[in-house]
1. What's the number of the only condition in (1) crowded, with 24+ Cβ neighbours inside 10 Å; (2) in contact with a Pro (Cβ under 7 Å, 6 or more places away or on another chain) that residue 353 fails to meet?
2. May I ask you to list the residues in the stretch 636-656 that are crowded, with 17+ Cβ neighbours inside 10 Å, over 16 Å from residue 609 (Cβ atoms) and aliphatic (A, V, I, L, M)?
3. Could we say that residue 371 is of a type in the set (A, V, I, L, M), farther than 22 Å from residue 324 by Cβ, assigned to a loop (DSSP other than H, G, I, E, B) and assigned by TED's automatic domain parsing to the domain that holds residue 314 here?
4. Looking at 685, 633 in this structure, which one is over 30 Å from residue 747 (Cβ atoms), among the aliphatic types (A, V, I, L, M), surrounded by fewer than 17 Cβ atoms within 10 Å (Cβ to Cβ) and at pLDDT 80 or above?
5. Is it the case that some residue within the stretch 446-466 is under 36 Å from the mean Cα position of the chain (by Cα), within 18 Å of residue 376 (Cα to Cα) and β-branched (Val, Ile, Thr)?
Amino acid sequence: MPTDIALTLIWALPFLTSLIAVAMPAGARNGEAWLGGTVAGICLLLTIFLFPAITDGGVVTYKLDWIASAGLTLNFRMDGLAWLFCVLITFIGLLVVLYARYYMSPKDPVPRFYALLMAFMGAMLGLVMSGNIIQLAIFWELTSLVSFLLIGYWYHRSDARDGARMALIITGTGGLALFVSMMLIGHIVGSYDLDVVLASGSMIVEHPLYPVTLILFLLAAFTKSAQFPFQFWLPNAMTAPTPVSAYLHSATMVKAGVFLLTRFWPVMSDSQLWFWIVTYTGLVTLIFGAYTALFQRDLKGLLAYSTISHLGLITTLLGMGTPLAAVAAIFHIANHATFKASLFMAVGIIDHEAGTRDVRKLSGLIKFMPVTGTFAIIASAAMAGVPLLNGFLSKEMFFTETAEFDPNIFVNLSLPIGATLAGMLSVAYSIKFVHGVFFGPPPTELEVVPHEPPALMRRPVELLVLICLAVGIIPGITIGPYLAAAVQSVLGPETPYYSLSIWHGFNLPLVMSLIALVGGAIIYVPYYRRLRNIDGVPLTRGLRGQRVFERILVTATNRWARKVVSVFGTNRLQPQIFIVVLLALCAGTGAGWAQLGNLPLPDNFDPILGIIWLLGCISAIAAAHQAKFHRLVAMILLGGAGLATCITFAWFSAPDLALTQLLAEIATTVLILLGLRWLPKRMPVAEDLNWPTRFRRYRDFTLASLVGIGTAVASYAIMTRQAPEGISDFFLANAYSEGGGTNVVNVMLVDFRGFDTMGEITVLGMVALTVFALLRRFRPAADSVERPEQQRVLDEYANGSGQHVADDFLRIPALMMNWLFPVIIVVAIYMFLRGHDLPGGGFIAGIVMSLAFILQYMAGGTRWVEERLRILPVLWIGWGLLLALLTGLGAMALGAPFLTSAFAYADIPLIGKVPMATALLFDLGVFALVVGATVLMLIALAHQSIRRPKAAGSSKPKIREGLDKWN
């Protein structure tokens, strides 16, 4: 298999699986588990397949250019470090999927769980494989978003919602800092390509922007990896299901921060600023996490704080800046993932089979769960650093690095003492986990009798523990080659000699390990009863980051928000619009007024155009005046102003804009008219106005005039300015040769700027769905809306009275509108097909098609249309977006940038050569989405504006069946 296909499948398959899993029926745990496990296994095999290509410092890359001149490419890169993380993500992900099959209840929304889990796997794989630093920042934020949904999976629980919100705010803030730091790094280096950045040597450290870049960079890494003082979000994330905790805290979420530190270690660590910040942040986190874990009652809380401590250990090693410390950090990343994942799964089994995680209620479980207990004890020993287990090897390397002599006396004493103290505490909380749960008298406070779980639920724990044993006993064979590949990818030619031997003789690191083992037992044994039942963490009650976070959040969201609302907030729409227009005057139209004296006078100004503009201005002013008396008249006059705008576009040779403006005017006018009846009744206008009211009207008139004239001046300044050379000429010269069309505007929208257009139609679809969601349950008060005459007649018709009046009222226009329906459909097709060469296209055709449906609603009402037409606008929106996306992905599959268009001439018999362009498919997606969005908003408005009682025995309209299905 080609390496580029393998790289693409590794990160793309989990996302595809996520889409499939979310559509699977609820309760189908076997199918979802098989699907997720199969995909995770395939990704693992593909990763293993790439290992020969990344040994000895090899790198496998796959680039897909988007805007290559700006450094924006879709770039995936696999080296030794990325390979190690991909193995951890996919292998432990596979085990978590199997474990979750037995942990999750059939009553839970299991499809959503597997969909989010696979999406998170894809986000993490994309993060570690990113070869573009902007792309890395995007995947970084994606991990934060998906983890937010996973942590808040049981959103009916307030603690789950609070924990998810806290995790999102903390890690999301770090993500914004990472994005800015990546922009700064790209500015310093001159490229966003990761290979270029890693080859830049000391360029970043020697740059004046290095301190700012480093602070932002470390803020991102520290928030994601829960380093002090941001550690408090991690224990609160324990509200997630245990499979999620096992995955996020072992191989994925929290490892992203230390991955970032490791990835950029070669180019950012060679400074004293890095050493002091990273090393001692890690050391404080290491000791604080270990100390706090010792006093936890909840087993998941104990493991969460132990995770914080071990992340501090890795951060401390990376902060030291020596190659051997970096080797130890990479080694411990792999070791921690294996024993921590097995421990979390073991805790989940205990909770699942004993009904609690409270250590005060658990004891003597080794008699009830001997197999699970044995493997959990071995994993705890690996966490404590007991010899012949993998945790011992990397911890001994850690002790070795901290014991190295440093000329600074503070560093020379603080590092080994802090490391030994943290080792003692880690042994103590590991003993607490083992002794408090598995030894002692049988439990008496449990509601169920504990027992072993199903065999397949226990297999992931057993496999991970066996790996801990194998790496601890024969590290050179089991982990040696893979660790060497990861280390060489980070250190390159500076890779030092290191040994994975179990025995290095009797030396200072061994003494430190023995002190940690014995000291941990001394800490726990005399005080185990107190440590079992103590409430809170001594000496740290004032160091509660969560309390500080909540106070800041409450202050920012409540107190400050209330002050802002008290100053600017109002229930009236007019003051809000006044503020928006005033800001527009200050920010936007000021530039136009500033250029008023420098603008050239128009040549040969046609007086007919001046008359048209004058009529448009009169219509706009009259609409504003009539809005006080009659809204319908105001809408008609407003349409006159819009028509003047359409004529202006056509006058200045912009037929596409004119046609779009005209059709949009028609559609929006009808939609607004349908919503006018919701507005409160007009109060009688007093002839004698008081001075405050007059002043407000004069003020609004003056402001509107200033903004309108300023906008006109700014528009004129833009149209008369000297355009940059090459832009217009480029599109005129390449529209046909590169895009296959003579209508330059349409070619720009569907080819040169197709990505922008796709973003715009996505927003349009979101707006339509939002409008429908907001209005589908809205019921205006009956006594606060105007009831036009047509509504009264339609109500009489629906109630069986006034039959002949309704017939006379509706027959003739309804007949005309029904005749127009097929004509308008043909016009829409014609507009669509001609769009690439003449004014038209998908957007214009979509509005024309929507007008056909609007006419049917106006002629026969909602019920008449819905009983005869099967319109499913949500499907139109979905298929439109999907077709536009597939058009872009098709270009990528052929090795071209996203949404690259291709065209050729097809020789059709009896017709001849016909131009064919792939942009037609993209335009078809635009057409479908515009139709769906417009009709969906029409339905939301029409069902409120013209409501009829349902006749007895009548079936539900077809359109409502479709909408109910999507609701």
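The values are calculated or read from the model by the stated rules, or taken from the named source; none is laboratory data. Just so you know, these numbers come straight off a predicted model, no measurement behind them. In this analysis, Cβ positions are derived from the backbone assuming ideal geometry, glycine residues included, and neighbour counts consider all displayed protein chains.
1. With respect to (1) crowded, with 24+ Cβ neighbours inside 10 Å; (2) in contact with a Pro (Cβ under 7 Å, 6 or more places away or on another chain), residue 353 is out only on (1).
2. Within the stretch 636-656, 637, 638 qualify.
3. On the way: of a type in the set (A, V, I, L, M): yes; farther than 22 Å from residue 324 by Cβ: yes; assigned to a loop (DSSP other than H, G, I, E, B): no; assigned by TED's automatic domain parsing to the domain that holds residue 314: yes.
No.
4. Numbers: 685 fails: at pLDDT 80 or above.
Exactly one of 685, 633 is over 30 Å from residue 747 (Cβ atoms), among the aliphatic types (A, V, I, L, M), surrounded by fewer than 17 Cβ atoms within 10 Å (Cβ to Cβ) and at pLDDT 80 or above, namely 633.
5. There is at least one residue in the stretch 446-466 that is under 36 Å from the mean Cα position of the chain (by Cα), within 18 Å of residue 376 (Cα to Cα) and β-branched (Val, Ile, Thr).
Let's see how each residue does on (1) under 30 Å from residue 351 (Cα atoms); (2) free of Cβ contacts under 8 Å to residues at least 12 places away in the same chain; (3) surrounded by fewer than 22 Cβ atoms within 10 Å (Cβ to Cβ); (4) under 26 Å from the mean Cα position of the chain (by Cα):
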| residue | (1), (2), (3), (4) |
| --- | --- |
| 17 | yes, no, no, yes |
| 56 | no, no, yes, no |
| 73 | no, no, yes, yes |
| 114 | yes, no, no, yes |
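So that you can scan it fast, the table gives a plain yes or no per residue for (1) part of a helix (DSSP H, G or I); (2) within 21 Å of residue 81 (Cβ to Cβ); (3) modelled with pLDDT under 90:
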site: 246; (1), (2), (3): yes, no, no
site: 251; (1), (2), (3): no, yes, yes
site: 257; (1), (2), (3): yes, yes, no
site: 260; (1), (2), (3): yes, yes, no
site: 274; (1), (2), (3): yes, yes, no
site: 281; (1), (2), (3): yes, no, no
site: 284; (1), (2), (3): yes, no, no
site: 289; (1), (2), (3): yes, no, no
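Every residue, every condition in (1) surrounded by 12 or more Cβ atoms within 10 Å (Cβ to Cβ); (2) under 18 Å from residue 641 (Cα atoms); (3) at pLDDT below 70, yes or no:
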residue	(1), (2), (3)
589	yes, no, yes
598	no, no, yes
601	no, no, yes
606	no, no, no
616	yes, yes, no
